[in-house]
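I have placed the structure first, in the form of structure tokens, so that the comments after it can refer back to it.
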Amino acid sequence: MRIAYLDCFSGMSGDMFLGALVDAGVPVRLLEETVAALNVGARLEISRVERSGISATKVDVYVGGEKELPREVYWEQKGHSHARDRSHSHDPDHEHVQLREHNYSQESKEPSPPTSHQHEHGRGLKEISEIIRNSKIAESAKQTAIAIFETLGAAEAKIHNTDIETIHFHEVGAVDAMVDIVCAAVGSEALAVDEFICSSLNVGGGTVKCAHGTFPVPAPATVELLKGAPVYSSGIQLELVTPTGAAIVKTLCKTFSSFPEMKIDKTGYGAGSRDFPGHANVIRLTIGEAQSEFAAKTSEQTITVLEANIDDLNPQVFGYVMDRLLEEGALEAFGIPVQMKKNRPGMLLSVLCRPEDAGKLTNLILSETTTLGVRRREERREVLARKLITVSTRWGDVRLKVASMNGTITNYAPEYDDCRRIAVEHHVPLKNVMQEAMQAYMKVPAKAG
């Protein structure tokens, strides 16, 4: 099983993670194309830097020609009172969250800067999700990026005691976060690993200036995001783990441990903006094959099961609800015919989802169906190691999902959406596309997981 170990001895932020991805071999061009696909007025700038003797990759983001800064530096330059006025004076019904983290680079054509209206009101999660969905990147990466953003938004909403729909990210900060998160999703998928594992996280200390004032480190949203993760402080009086970095870890990493037993293939170092004396401000990403004891284990996950009995819903609406649930992040959704009270035929709607998605999916069921209640329970499941690989057919590339146990391939199948798209675009039978994708996979060398 191929694993990636994220060593966060100097914290974690979006730009540091992107730097580690590039340093570990993710093509720069892939990230540049990803930023261009978002079309949000950003560009990446990638350079080599040294942090306490360690050579690392630094990824900086420019938005409208302006380089992103750590948020406490940004607020020091702008002045806290001015920032508060700009964040709240125009729309008191929305919570504004500033996500200044770091810096990056993009395509050669410099897009126009954001409009003043966008600066005033920022972007909500719905608009950000639409931008991601409309971009020309892989569907699986879109889902991961939206999941990270929703995880971040849910934490901010809880801290501010508001609904996730009311969370608005300040325009430039939202662009910065979008670049971090979407590139993190695309880049992590490009590594083609079966599992991300994370170390304990060094959160730093002291205080940090934000849009709402001065907060202790780690910031409240970061604490909320890191529930269940091992953390510590080495005594550095600065924010080392940012909310965006914490959201990336929470979404990608289901396991936390010390350095796992593995055969190392490659290592990448991603640099932070600051250069501390005597402390390398980098994260390290190590990729390799898990050794037998670790690889023999299947992955255990906690999932939430939502259920509702429905006996008076138009079947067409039922199908629509199933599609919406999957679009909004459900891991699985299905219906089972049941005989209900008074001998009425009905359907048992069952949804499997991540615990953090249970609330919004419950609301969707209650608003879109005729049920008066939704049952909820948590269950543990064992899952096989899995990864996506891409094969070429005469009509275009197709992704295949490959599952393995103890290093042996147990299942593989082409992604239906890829095959369907090719079949429609090239007017060929769907079964032919799927068969050719399977044949192409059989010719791929060293298929073992």
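The values are calculated or read from the model by the stated rules, or taken from the named source; none is laboratory data. These numbers were taken from a predicted model, which means no experiment stands behind them. Positions of Cβ are generated from backbone atoms using ideal geometry, with glycine treated the same way; all protein chains shown enter the neighbour counts. With ligands, DNA and RNA removed, areas are computed over all heavy atoms of the protein, side chains included. Shrake-Rupley method; radii C 1.70, N 1.55, O 1.52, S 1.80 Å.
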Pair list, Cβ < 9 Å and 6+ apart or interchain, from segment 342-366 residues that are within 13 Å of Thr151 (Cβ to Cβ) and open to solvent by 70 Å² or more (accessible area, probe 1.4 Å) to residues that are at pLDDT below 95 and in a strand (DSSP E or B): Arg354/Gln301; Arg354/Thr302; Arg354/Ile303; Arg354/Thr304; Glu356/Thr304
Number of the condition not met by Ser55 [criteria: (1) farther than 24 Å from Val241 by Cβ; (2) surrounded by fewer than 18 Cβ atoms within 10 Å (Cβ to Cβ); (3) touching a residue at least 40 places away in the same chain (Cβ under 8 Å)]: (1)
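Here's the yes/no breakdown for (1) modelled with pLDDT of 95 or more; (2) touching a strand residue (DSSP E or B) at 6+ places or on another chain (Cβ under 9 Å); (3) in a helix (DSSP H, G or I); (4) polar (S, T, N, Q):
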| site | (1), (2), (3), (4) |
| --- | --- |
| Ala141 | no, no, yes, no |
| Ala155 | no, no, yes, no |
| Glu165 | no, yes, yes, no |
| Ala174 | no, yes, yes, no |
| Ala177 | no, yes, yes, no |
| Ala184 | yes, no, yes, no |
| Ser188 | yes, yes, yes, yes |
Of all residues making up segment 237-293, the number that are among the aliphatic types (A, V, I, L, M), under 17 Å from Gly25 (Cβ atoms) and open to solvent by less than 10 Å² (accessible area, probe 1.4 Å): 5
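Residues checked against (1) out of contact with any Ser or Thr (no Cβ under 8 Å at 6 or more places or on another chain); (2) more than 24 Å from Lys67 (Cα to Cα); (3) of a type outside the set (Gly, Ala, Ser):
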{"position": "Asp163", "(1), (2), (3)": "yes, yes, yes"}
{"position": "Glu189", "(1), (2), (3)": "no, yes, yes"}
{"position": "Ser199", "(1), (2), (3)": "no, yes, no"}
{"position": "Lys227", "(1), (2), (3)": "yes, yes, yes"}
Residues being in contact with a Cys (Cβ under 7 Å, 6 or more places away or on another chain) and at pLDDT below 95 - total across segment 1-24: 0
Residue match in segment 304-326 (condition: under 28 Å from Met16 (Cβ atoms) and at pLDDT below 95): no
Any hit, segment 368-376, residues being assigned to a strand (DSSP E or B) and open to solvent by 40 Å² or more (accessible area, probe 1.4 Å): yes
Residues of segment 396-449 satisfying the condition of being surrounded by fewer than 19 Cβ atoms within 10 Å (Cβ to Cβ), modelled with pLDDT of 90 or more and either more than 24 Å from Ile137 (Cα to Cα) or among the basic types (Lys, Arg) (or both): Arg420, Arg421, Pro429, Lys431, Asn432, Gln435, Gln439
Residues located in segment 17-26, provided they are open to solvent by 10 Å² or more (accessible area, probe 1.4 Å) and either closer than 21 Å to Ile132 by Cβ or not charged (D, E, K, R) (or both): Val22, Gly25
Filtered residue count, segment 197-223, keeping only those that are open to solvent by less than 20 Å² (accessible area, probe 1.4 Å) and either hydroxyl-bearing (Ser, Thr, Tyr) or part of a strand (DSSP E or B) (or both): 10
Members of segment 25-42 that are within 27 Å of Thr286 (Cα to Cα) and out of contact with any Cys (no Cβ under 8 Å at 6 or more places or on another chain): Gly25, Val26, Pro27, Val28, Arg29, Leu30, Glu32, Glu33
Residue ID - nearest to Tyr416 (Cα to Cα), chosen from residues in segment 434-445 that are within 30 Å of the chain's Cα centre (by Cα) and part of a helix (DSSP H, G or I): Met434
Subset tally (residues that are β-branched (Val, Ile, Thr) and buried (at least 22 other Cβ atoms within 10 Å of the Cβ)) for segment 27-48: 3
